[in-house]
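Student: Here you go, one structure.
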Amino acid sequence: MANHVQSFDAISNTMLTVTVREQERSFTSHLDVICGVSSYFTKRLKGRQDANLNAITLDDVRPAVWITFLDWAYGRQTIDDLYSADREFEEHRVHLTELYIFADKYDVPALRQHIVDYFFVDLKAYQDEEADTFWRPTPIPKCIELAFRSLSSTSPLCRLFVDRFCVNFLNNITDNDNQQMFEREDLPLEFCMGVIHRHAHLRHAMIEGNMEVDYELNLGDYHEHGPDEDISKCSCQDTHDEDYYEESYYDGSYYDGF
Ligand SMILES: [Zn+2]
C-alpha cells in the first residue's frame with residue numbers, strides 16, 4: 001500500500017474545491033493529494049477537462065470527516081494523533097467509524113487500514129496491573145450500529161468488531177457487558193448473527209482440536225492485501241496478539257449465508 005504522504009516536488013498546482021454538506025462548507029486542496037489516496041476521486045476527476053473539474057459537491061460527507069481526511073491525506077495527522085483532538089472517548093471512536101465508512105465509499109484503502117490497525121489494538125484485552133483487573137473491551141454500540149448500517153458485514157471493520165467481541169466474550173450471556181450489549185434494541189441483527197456464527201465456528205474448531213480455547217487474533221486477517229503486495233513491511237507483520245497463536249485462523253467461512 002503506497003505511502004500516502006507525497007512530496008510537493010511531485011504534486012501539480014491543480015486545486016480542487018470540495019463543498020460538503022452542513023453549512024455548505026468548502027475546502028480547497030491539491031487535486032493530486034486527494035487522487036493519490038483515492039481511486040474513486042482519480043476516476044472521477046483525473047484527466048477531465050470540463051469546467052466542473054475544480055469544484056465538486058459531496059452530499060453525504062460531514063465537514064468534520066472531510067477535515068480529518070484532509071489532515072490525514074496531507075500527512076498532518078496520523079490516526080493516533082487524532083486522539084488528542086477535542087473528542088471524548090466514545091466520540092473519538094464514532095468519528096473513526098464514520099471516517100472508515102467514508103474511506104469505504106470513496107475508496108481510500110490506506111485510511112481504512114490505519115483505522116483497522118487502531119481498533120485492533122484499541123479493542124484488545126489487557127491486564128491492568130495497578131487495578132489488578134483484566135479488561136475485555138467491547139466495541140461501542142454506536143460504532144457497531146454505524147458500521148453494520150453502512151458497510152458490508154464482510155468488510156474488515158465489521159469482521160473485526162464481531163471477532164473482538166467474541167474473543168473478549170466472558171463466560172456467558174449474563175455477564176454485564178454482554179447482557180447490556182444484547183439488550184439494546186438498536187444492535188444490528190447482522191452483528192448478532194456474526195457473533196453466533198463466529199462462536200459456532202470456533203467451538204467446532206476447538207472440539208476438533210484445531211484451536212486453543214484461549215485464542216488470539218491476527219491483524220493481517222483484517223488487512224486488504226493485494227495478491228502482488230509485498231507485506232513484509234506491513235504493520236500486520238509485527239502486530240499479533242501473542243506469539244502462541246501460530247497461524248491465521250480466520251478463513252471467512254462463518255460469514256457465508258447471511
Ligand atoms: Zn498487513
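Any read-out appearing in this document is the output of simple, stated calculations on the displayed coordinates, not a laboratory observation. Everything numeric here is computed off the predicted structure, so don't read it as measured data. Positions of Cβ are backbone-derived with ideal geometry, glycine not excepted, and every protein chain shown enters the neighbour counts.
Student: Provide the per-residue ³J(HN,Hα) series for segment 93-104, in order, calculated from phi with Karplus coefficients 6.51, -1.76, 1.60 and θ = phi - 60°, each as a whole number of Hz, with x at glycine and proline positions.
Tutor: For segment 93-104, the Karplus curve yields 6, 5, 4, 5, 5, 4, 5, 5, 4, 4, 5, 6 Hz.
Student: What is the fewest-to-most order of Ile67, Ile101, Ile115 by other Cβ atoms lying within 10 Å of their Cβ?
Tutor: Going from sparsest to densest Cβ surroundings: Ile67, Ile101, Ile115.
Student: What order do you get for Val108, Val18 when you list them from fewest to most C-beta neighbours inside 10 Å?
Tutor: Ordered from fewest to most neighbouring Cβ atoms within 10 Å, Val108, Val18 come out as Val18, Val108.
Student: Amide H of Ala55: which non-local residues (sequence gap of 5 or more, or other chain) have their own amide H closer than 5 Å, using H built in the peptide plane?
Tutor: Here Thr17 satisfy the definition.
Student: May I ask you to compute the full-extension gain from Glu212 to Glu185, defined as 0.36 nm times their residue separation minus their alpha-carbon distance, rounded to one decimal in nm?
Tutor: Extra length available between Glu212 and Glu185 comes to 6.4 nm.
Student: Using a cut-off of 11 Å between beta-carbons, work out the net charge of the residues near Leu187 (Lys and Arg +1, Asp and Glu -1, Leu187 not included).
Tutor: Spelling it out: positives minus negatives among the neighbours equals -3.
Student: With r defined as the distance between the Cβ atoms of Glu129 and Asp238 and R0 fixed at 25 Å, what FRET efficiency is calculated, to the nearest 0.05?
Tutor: For Glu129 and Asp238, the calculated efficiency is 0.60.
Student: Let me ask something else. Quick one: if the Förster radius is 30 Å, what FRET efficiency do Asn13 and Asp60 give, using the C-beta to C-beta distance and rounding to 0.05?
Tutor: Computed FRET efficiency for Asn13 and Asp60: 0.55.
Student: Thr28 versus Arg203, label points 7 Å from Cα toward the beta carbon: distance in nm?
Tutor: Each label point is offset 7 Å from its Cα along the Cβ direction, giving 6.1 nm.
Student: A further question follows. Sort Cys236, Cys158 by Cβ crowding within 10 Å, fewest neighbours at the top.
Tutor: Cys236, Cys158
Student: Over the alpha-carbon set of segment 90-167, work out the extent along each principal axis and list the three values in angstrom, largest first.
Tutor: Rounded to whole Å, the extents work out to 44, 20, 20 Å.
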